[in-house]
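Here the structure is laid out as structure tokens; the discussion comes afterwards.
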């Protein structure tokens, strides 16, 4: 099964506290980007939903989203991996080159920029684990 793990770390590890709004918006903006890429790469019969598999109750906030096929018994693994790769490359391109990817619409660019902005004010680091070989860590420097 395909998953994405999003971890939000606080600006001050000593107190270990995050703003609830910042942390939740960070998760929502990440999932919005995944949803938009899924729309851009729509494949008939391979649609899926991101379902909440687990969530931490402590800081750092960690959310695990599980890709679940809308049609039972349909293997969506390759399609989900493609979407995760597209989002990972899109965020990396935006972070390091300031250029949005082809699949990003204005609202998606706004979500991505807000995701980066929160790492400058209120969140120390956001780690998006698309797979063991594909993890993005957004901190103040990269944001």
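Mind checking the full-extension length gain between residue 135 and residue 51? Use 0.36 nm per residue of separation minus the Cα-Cα distance, one decimal, nm. The partial results should precede the final answer.
Details: separation 84, 0.36 × 84 = 30.24 nm, distance 1.98 nm.
Going from the current span to full extension adds 28.3 nm.
Over all Cα atoms in the chain, the spread is summed up by Rg and Dmax: 14.9, 49 Å.
Sorted by average packing, counted as other Cβ atoms within 10 angstrom per residue and highest first, what order do 79-86, 94-101, 34-41, 126-133 take?
Working: 79-86: 19.8, 94-101: 13.4, 34-41: 18.1, 126-133: 16.2.
So the peptides 79-86, 94-101, 34-41, 126-133, ranked by packing, come out 79-86, 34-41, 126-133, 94-101.
Paramagnetic label reach from residue 59 (point 7 Å along Cα→Cβ; backbone nitrogen cut-off under 11 Å): within the range 19-52, residues 19-20, 23. Once you've got the GNM for the chain with C-alpha springs shorter than 10 Å, pick whichever of 87, 68, 20 has the biggest mean-square fluctuation. Of 87, 68, 20, the Gaussian network model singles out 20 as fluctuating most.
Oblate is the label for the range 44-119. Its Cα gyration tensor axes, ordered a ≥ b ≥ c, give a/c of at least 1.5 and b/c at or above a/b.
For the chain, the longest principal axis of the alpha carbon atoms and the long axis of helix 77-97 meet at an angle near 40°.
We did not get these values from a lab; they are worked out from the coordinates using the rules stated. Not measured: the values here are computed from a predicted model. As a convention, Cβ positions derive from the backbone with ideal geometry for all residues, glycine included, and neighbour counts pool all protein chains shown.
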